[in-house]
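Here's the structure, in structure tokens; my notes come after.
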Amino acid sequence: MDDWLLLTQALITPERLRLPVTLQSREFVPAEVVQHPTFRAAQAAVYSLDWVQHHALADARGLRAGLLAWQEALKQRL
């Protein structure tokens with residue numbers, strides 16, 4: 001199941017029918033970015049025995065590293 005769906009199901013209750021304001025928008029990293037070899041390599045480099053995949057903070061760090069590496073590669077191509 002999608003993480004966003006699980007989060008919204010956990011936060012929306014009969015008492016609170018909307019998401020908190022800080023979670024009203026959902027940011028997406030497009031599939032062509034996530035599938036790019038530069039993104040994947042930088043993301044994979046974050047994971048270790050201490051920072052395993054699917055650990056929330058490790059995944060966040062991996063996404064950040066991948067996105068920053070992809071952005072840098074894009075700048076170099078321009």
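The values are calculated or read from the model by the stated rules, or taken from the named source; none is laboratory data. None of the values given here were measured: they were computed from a predicted structure. All Cβ positions, even for glycine, are placed from backbone atoms using ideal geometry, and neighbour counts span all protein chains on display. Protein only, heavy atoms only, side chains kept; ligands, DNA and RNA dropped before computing areas. Shrake-Rupley method; radii C 1.70, N 1.55, O 1.52, S 1.80 Å.
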Would you be so kind as to identify all helices of the chain, as entire DSSP H runs, whose Cα atoms reach 20 Å or more along the helix's own axis and whose mean Kyte-Doolittle hydropathy is at least -1.0? 56-77
Run the numbers on the chain and let me know its relative contact order in percent, using alpha-carbon pairs under 8 Å that are six or more apart. 26 percent
For the chain, with every protein chain kept in place, what is the accessible area per residue (1.4 Å probe, Å²)? 82 Å²
Find how much the distance from Ser25 to Gln76 grows on full extension, using 0.36 nm per residue of separation minus their present alpha carbon separation; answer in nm with one decimal. 15.3 nm
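Suppose only helical runs count, i.e. DSSP H with n ≥ 4. What mean residue ellipticity at 222 nm does that imply for the chain under -39500 (n - 2.57) per run, divided by all residues and rounded to the nearest 500 deg cm²/dmol? If you can, show how the numbers build up before the last one.
On the way: 4 runs with 45 residues, N = 78.
So the calculated ellipticity at 222 nm is -17500 deg cm²/dmol.
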What are the trypsin sites (Lys or Arg not before Pro) within region 14-76 that DSSP puts in a loop, where the Cβ has at most 16 other Cβ atoms within 10 Å? Arg16, Arg18, Arg26
So, taking all protein chains as they sit and a 1.4 Å probe, how much accessible area belongs to Glu32, in Å² rounded to tens? 130 Å²
Can you compute the modelled spin-label distance between Asp3 and Gln35, with each label point 7 Å from Cα toward Cβ, in nm? 2.0 nm
